[in-house]
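I have placed the structure first, in the form of structure tokens, so that the comments after it can refer back to it.
The values are calculated or read from the model by the stated rules, or taken from the named source; none is laboratory data. Predicted, not measured: the structure shown is a model, and the values here were computed from it. With ideal geometry, Cβ positions are generated from the backbone for all residues, glycine too; neighbour counts draw on all protein chains shown. Quick note on the areas: whole protein, heavy atoms, side chains included, nothing else; ligands and nucleic acids left out. Shrake-Rupley method; radii C 1.70, N 1.55, O 1.52, S 1.80 Å.
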Amino acid sequence: MRGILYYCLVLPLVAQNFLVVSSPRLARIVAFPLQDDQKKQQEPIVVVETGLKQPQGIAIDQNRRRLYVADVGARTVLYFDFNLVNGEVVAQGEPVVVADNVEAHWVAVDGVGNVFFTEERVSQIYRIPAPKGVRSKAKPVAIYTSDMSERVSSPGGIAVDDFNVWWGNKELGTSVGALIMAPQEPPAATPQDSMKVLASVTDRVNGVCVAAGNVFFMSDEILATRKAGGVVAVISNVLQQPRGCAWDMDGGMYVADKGTGQVVKFPGAMSELKETRMTPVVSVEDAYGLAVIVSSGWLPGSAVVLCALAWLH
């Protein structure tokens, strides 16, 4: 039988993602490949081990491949360009300082490259617009301060999307608000009216992360509510000192336990906020800040279709 056979193969696209962890005590940042079946911890990939003093909060600009670091010991916010080479995260070139003489513990970056950080000592939230973020020692702009509202009270962890910013207060959270949401660009006339209290269940908040429609914040427990507010749920109370957190843009939320040096994982895009089992992922001495590098622009579940013609003789 003669003819033409037309056939297609559907091949799944598998992106290699990396979990990035800061260790203030060791003054370094490491990374681990993330796997679906994380039975055995791999050796850490050392991303940065020189030039840092006390790196705490970290954030990834996925589009520009930049690793932002809040180095409280050096009183700077800086970034490293990085690339993925032979299955490893490799920092390239010299770091670029985007803010200096600031006591920043946490940093975040949105999808267009705007950089945000908190300075708890002076109770201010800063924003560096994307065009200025590429310059060394760019001047940050304070967008929310304690002079505007008591809802800025020694701010700690910070998270952003392309429209809003969320931060956790480290003082007086039960009276002025522990978790606050506000627009990235406050109204000039009444910025204080744009700050919304989402939770007042704890006095002190460390890391803050958003995942799908949820926002998670770290106190002595892992707490969560909806991005626009609602019921506050306790997700876990088994960690000793929960600090940084990061979402993998798929199903996983990661939290660093500074007390034990463990990083744990749980479902971040849960439809019902409730107490959830923690799964240990990796161990890092003095684990603090977390970020996830998504190595491909493909969405989870994406595939490529390859088609061909074959002659039948």
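If you go through segment 175-201 and keep only what is more than 23 Å from Ala130 (Cα to Cα) and open to solvent by 20 Å² or more (accessible area, probe 1.4 Å), you end up with Ser175, Ala189, Thr190, Gln192, Asp193, Lys196, Val197, Ser200, Val201. As for segment 236-249, it holds at least one residue that is hydrophobic (A, V, I, L, M, F, W, C) and more than 24 Å from Asp61 (Cα to Cα). Among the residues making up segment 155-174, those that are under 26 Å from Gly113 (Cα atoms) and either open to solvent by less than 10 Å² (accessible area, probe 1.4 Å) or in a strand (DSSP E or B) (or both) are Pro155, Gly156, Gly157, Ile158, Ala159, Val160, Asn164, Val165, Trp166, Trp167, Gly168, Asn169. When you check Ser271 against the structure, is it in a loop (DSSP other than H, G, I, E, B), small (Gly, Ala, Ser) and out of contact with any Leu (no Cβ under 7 Å at 6 or more places or on another chain), yes or no? Against the criterion (in a loop (DSSP other than H, G, I, E, B), small (Gly, Ala, Ser) and out of contact with any Leu (no Cβ under 7 Å at 6 or more places or on another chain)), Ser271 qualifies. The single condition among (1) open to solvent by 30 Å² or more (accessible area, probe 1.4 Å); (2) modelled with pLDDT of 95 or more; (3) among the aliphatic types (A, V, I, L, M) that Val152 does not satisfy is (1). Collect the residues in segment 59-114 that are in contact with a helix residue (DSSP H, G or I) (Cβ under 7 Å, 6 or more places away or on another chain) and on the phi > 0 side of the Ramachandran plot, keeping them in residue-number order. If the condition is that a residue be in contact with a helix residue (DSSP H, G or I) (Cβ under 7 Å, 6 or more places away or on another chain) and on the phi > 0 side of the Ramachandran plot, then Gly113 is the only one that fits.
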